[in-house]
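Report on one structure; see the data block that follows.
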Amino acid sequence: MSSFYKKSIRDWMDAQWPNGAYTETAIWLDLNDYAGFGKGAGETVWATAPPILTVRHMQHYGDLDFLKESLHHHIRWFGFLTRNFESGMKDKGFDIELKNYTGGGSGLGDWLCLPERDLFLTHTAFYMASGRCIAYTAKQLGVTGLYHRSLELANRIKARISKIYLKNGFDDFDFPKGTASATPGPEMSLFTKIVPGEKRCAVLKNWFHRKGEMWLGDEEDRFLAELDPSYSMKMFKSGELVKRNASHFAMAWSQWQGFGEGMLSIRYALQTLSDNGFHHIALQKAAGVGFGTPEYMLRHNATTMWESWWRSEDLYSRNHPFLGALAEWMVSSVAGVSLYPTTIGGRKVLFWP
């Protein structure tokens with residue numbers, strides 16, 4: 001596995017543009033530029049994978065030589081972001097204080113989630129993550145000046161997010177005009193320690209006010225149209241369907257007995273719940289039934305994880321790792337075996353069932 005991950009990172013480094021931009025998952029994808037900040041750059045989340053994977057690789061395998069090999073490339077990526085982030089976000093229509101932002105925007109973010117995506121947060125948080133990763137790498141290699149500069153910039157980005165997302169005074173960690181529904185939100189900000197310490201309890205408490213929503217996807221509608229009315233009523237009584245109007249049913253996803261989260265927030269949500277004393281709620285989410293759950297996939301004959309929560313018949317993959325963060329949580333939280341947060345080379349394991 002070490003060789004596999006090093007090759008993946010090296011492929012990204014080989015495809016890095018002269019301006020320092022990392023691409024999306026492949027250099028030829030037309031998501032580069034559109035989803036990123038132009039000039040060949042991939043979407044910020046995807047293009048930040050190389051420095052994040054490098055840190056994870058170090059934690060698992062302790063390969064200092066690979067840190068040395070990759071550091072220059074990651075510095076160039078962070079430099080590209082530093083030069084282009086503000087203008088790139090402006091070009092995407094994000095104003096500095098998010099005064100008019102109502103969610104969404106240009107990018108990929110918490111891909112294939114069910115509610116609205118908060119793309120400002122994912123762009124900005126992964127910019128911060130790039131700085132943190134370079135600071136970590138520099139510290140391991142003894143490059144003190146780079147460590148302090150990178151960490152200082154990452155902390156400034158963190159403070160900016162915190163200021164904007166606490167501005168509304170509701171302690172729900174949402175953009176100023178948000179309705180506490182977009183993703184990622186509190187789960188990501190709690191997981192990554194963006195939320196200030198004195199606000200963590202309030203933000204965690206307010207996260208539990210979130211609710212699921214009706215899902216009006218075409219594939220599910222076509223499926224329901226073929227059901228016998230008596231079976232539809234049975235599903236309604238069990239809570240799997242909701243009334244769309246007097247004569248039609250619809251599927252709905254549950255916030256706390258299922259998932260609306262996309263490929264990023266599944267990990268953040270489950271781990272945050274388990275780490276903060278709400279493991280029973282994390283178990284509820286993972287063991288839920290109906291739309292927006294692994295059980296829904298299994299009931300529709302899935303033998304592998306789907307790319308989307310819904311029954312995509314023509315676009316999204318039926319064999320994809322995107323929603324697979326459940327697997328990491330099952331080992332680290334359910335079984336209670338994970339790497340110690342500051343370990344190097346997997347030398348220290350945390351056993352916490």
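For the stretch 63-120, the calculated P(r), taken from all Cα-Cα distances in 5 Å bins from zero up to the bin holding the longest distance, is 4, 16, 17, 16, 15, 12, 10, 7, 3, 0 percent. Pairwise alpha-carbon distances in the chain exceed 28 Å for 47% of all pairs. Ligands, DNA and RNA aside, ARG156 has an accessible area near 140 Å² when probed at 1.4 Å. In a reduced charge model with +1 at each Lys and Arg Cβ and -1 at each Asp and Glu Cβ, the stretch 1-147 shows a dipole moment near 440 debye about its Cα centre. For GLU295 and PHE170, the FRET efficiency from 1/(1 + (r/R0)^6), where r spans their Cβ atoms and R0 equals 22 Å, is about 0.10.
If you take the alpha carbon atoms of the stretch 197-270 and fit the smallest convex hull around them, that volume is 113 Å³ per residue. Per-peptide packing, taken as the mean over residues of other Cβ atoms within 10 Å, places 44-53, 335-344, 189-198 in the sequence 44-53, 189-198, 335-344 from highest down. Using alpha carbons only, the radius of gyration of the stretch 213-353 set against its Kirkwood radius gives Rg/Rh = 1.06.
Taking only the C-alpha atoms of the stretch 58-182, the Rg (one decimal) and the largest Cα-Cα distance, Dmax (whole number), read 16.5, 47 Å.
Remark on the stretch 1-105: Rg and Dmax equal 15.0, 47 Å (Cα only).
Whole-Hz Karplus values for the stretch 204-209 come out as 4, 4, 6, 4, 5, 7 Hz, taken residue by residue from phi with 6.51 cos²θ - 1.76 cosθ + 1.60 and θ = phi - 60°; glycine and proline positions read x. Taking a straight line from the alpha carbon of LYS234, these aspartates and glutamates sit under 16 Å away, with near neighbours fewer than eight places off in the same chain left out: GLU226. The stretch 138-184 and the stretch 299-315 have Cα centres spaced 35 Å apart. Once you have a ≥ b ≥ c as the square roots of the Cα gyration tensor eigenvalues for the stretch 113-177, tell me rounded if a/c is under 1.5, and otherwise prolate or oblate according to whether a/b is larger than b/c. It is prolate, given that a/c is not under 1.5 and a/b is the larger ratio.
The length gained by stretching the chain between VAL337 and LYS211 to full extension, at 0.36 nm per residue less their Cα-Cα distance, is 42.3 nm. Overall, the stretch 207-288 carries a charge dipole of about 340 debye about its Cα centre when +1 sits on the Cβ of Lys and Arg and -1 on the Cβ of Asp and Glu, all other atoms neutral. In terms of distances greater than 30 angstrom between alpha carbons, the cross-link table entries LYS6/LYS285; LYS68/LYS348; LYS139/LYS205; LYS68/LYS163 yield LYS6/LYS285; LYS139/LYS205; LYS68/LYS163. Across the stretch 49-200, the mean sequence separation of Cα contacts (distance under 8 Å, 6 or more residues apart), normalised by length, yields a relative contact order of 22 percent.
Length available on full extension from LYS234 to LYS348: 0.36 nm per residue minus the Cα-Cα distance, which gives 36.0 nm. If you average the C-alpha positions of the stretch 71-127 and of the stretch 197-262 separately, how far apart do those two centres end up, in angstrom? Here the answer is 29 Å between Cα centres.
Eigen-decomposition of the gyration tensor built on the alpha-carbon atoms of the stretch 172-226 gives equivalent ellipsoid semi-axes of 32, 10, 10 angstrom, largest listed first.
Rounded to the nearest 500, the helix-only mean residue ellipticity at 222 nm of the chain stands at -14500 deg cm²/dmol, with each DSSP H run of n ≥ 4 adding -39,500 (n - 2.57).
Site pair ALA225 and GLU313 shows an inter-label distance of 0.9 nm when each label is modelled 7 Å from Cα along Cα→Cβ.
What net charge do the residues around THR23 carry, taking every other residue with its C-beta under 14 Å from that of THR23, with Lys and Arg at +1 and Asp and Glu at -1? Charge balance in the 14 Å sphere: -3.
The values are calculated or read from the model by the stated rules, or taken from the named source; none is laboratory data. This one's a predicted model, so the numbers in the text were calculated from it and none came from an experiment. Quick reminder, even Gly has a Cβ in these numbers, built from the backbone with ideal geometry, and neighbours come from all protein chains shown. Heads up: the accessible areas ignore ligands, DNA and RNA and are worked out on the full protein's heavy atoms, side chains in. Shrake-Rupley method; radii C 1.70, N 1.55, O 1.52, S 1.80 Å.
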